[in-house]
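Some notes on the structure that comes next.
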Amino acid sequence: MIHDKNNLRQRNTRVEALRIAAMLGVICMHDIADGRFYTGQSYLADVIIRGVKNLGGLSDCLFFSITAWFLCVNQSPTLKRSMSKIWKLEQQLLFYSISIYMIFVICKFNGFTLISRGYFKNLSIYTIMPTLTGLWWYPTSYCFFIILYPWLDRTLHALGPRAHGWLAFVMFAVWGCIPLLTLDMVNSVWLFLYLYVLISYMRWYHNDLLQSRKFQQILFLISSVCIVFGDFVGARLLPGMYNESFVNSPRMFPAIMLSFSLLMWATQKQTLHRTPTLQAIDTTINVVASGAFAAFLIIMHPWVQMLLNTKLHFVLEGNPWRVVTYQLALPPIFFAICVVIDLARQLLFHFSIDYFEQNLFNRVWQKASESYIADRIRQFLNYTGLAPQKEHIFIPPQVTPPSRNLQ
């Protein structure tokens, strides 16, 4: 959807800047060789490459944390609102899945790319059902999370601060501090549920602590030292290996603490006077951020990943500092191209789909909620499974008077 100027000015520009930075981190990880390469010729160059590539996990954590940060303060989450979000997201997913598939078909029949028949069939199925088939892990996980979100939010509120706090503490101790214990916590809906439990606890019961600049600086310092130290040590002790279990994992405490500190910085009160120049910069940042997610959809498409790894493999060879230059220069170029493409998509949707999609959703939702299946589901959920108990009526025992024998 095209954002007008008034809406853009109401958005927090710092938060939108973090959204852009998070997406740049994702591109840095996945642009070439999916993050798994080292020059082996220069220790310092390998440290830089490792640090840039390890931004991927932090970016996953930060990107969802931005969403969860504001979902926590939603006063009345409902299933209808969640399905409305999925409805709009699915339009964007179908646009990119079909568009990339059409380019893929053209390249296939022109001999630009060689793929097997089985891959072609699978990609055709993924294209028409991107969410259900998990074509992109993040949108699929987000859709499942946003469906569970209304009941998850109510459940956590019902737990209260003490039980919610213990739940967050245990989850953070297990999945945030033990590197080898993953249990499918990475790249799945479980990661989002885990992060929401942590973020909601801090937002609901320790919001005063989140306003502390000292606490924000401590979190930033600890997490930054851990990440930088992990890059230097990993490049020395594990050359040629991808240190995903500690530094790059979005579930681990360095990524979570750094995401918290950045969000605290972005949402704390600002006293800066808004000049016309700063307002223009804010508007530009908000416009760019509105198209940031397209970069993930384009670069994380399976065929685009395969194309980048085969056609751009030459940038991994030669002088190590040449490789570093490519690694630092390519992500902003990719991101800029993707944002321009998405702005064109927003313009196209503005003059086509946006005119009727909300009314269409309301009609579909009304038909679905009034259908026979929905009615049977409501009856099943309202059924307690207990037989109705009969009203107990007290019947006093009959007392027979003693008989008198008259002699």
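Might you tell me the accessible area per residue for the chain, computed with a 1.4 Å probe and given in Å²?
On a per-residue basis, 57 Å².
Identify which of Met102, Met306, Met171 has the largest mean-square fluctuation in a Gaussian network model of the chain, with springs joining Cα atoms closer than 10 Å.
Met102
With everything on Cα atoms, drop me the angle between helix 55-71 and the longest principal axis of the chain, reported from 0 to 90° to the nearest 10.
For 55-71 against the chain, the angle is about 40 degrees.
At a 1.4 Å probe, what is the % contribution of carbon and sulfur to the accessible area of segment 284-358?
Of the solvent-accessible surface of segment 284-358, carbon and sulfur hold 77 percent.
What angle do you read, to the nearest 10 degrees and between 0 and 90, between the alpha-carbon axis of helix 189-205 and the longest principal axis of the chain?
70
Roughly what angle does helix 13-30 make with the longest principal axis of the chain, taking Cα atoms, 0 to 90 degrees, to the nearest 10?
So the inclination is approximately 70 degrees.
Of all the stretches in the chain, which is the longest one without any exposed loop site, taking chymotrypsin sites (Phe, Trp or Tyr not before Pro) in a DSSP loop (any state but H, G, I, E, B) with at most 13 other Cβ atoms within 10 Å?
113-350
Pop out the Kirkwood hydrodynamic radius of segment 113-248 from its pairwise C-alpha distances, inverse of mean 1/r, in Å to one decimal.
18.3
What does the accessible area of Asp184 come to, in Å² to the nearest 10, when a probe of 1.4 Å is used?
100
Quick one: pull the percent of accessible area on segment 49-208 belonging to carbon and sulfur, 1.4 Å probe, ligands and nucleic acids left out.
Of all accessible area on segment 49-208, carbon and sulfur atoms account for 70 percent.
Cα centroid distance between segment 255-330 and segment 88-124, in Å?
25
As a test of the formula, what do you get for the chain when each DSSP H run with n ≥ 4 contributes -39,500 (n - 2.57) and the sum is divided by the residue count, at 222 nm and rounded to the nearest 500 deg cm²/dmol?
Helix-only estimate at 222 nm: -23000 deg cm²/dmol.
The values are calculated or read from the model by the stated rules, or taken from the named source; none is laboratory data. In this text, all values refer to a predicted model and were calculated from it rather than measured experimentally. Cβ: placed from backbone, ideal geometry, glycine included. Neighbour counts: every protein chain shown. Quick note on the areas: whole protein, heavy atoms, side chains included, nothing else; ligands and nucleic acids left out. Shrake-Rupley method; radii C 1.70, N 1.55, O 1.52, S 1.80 Å.
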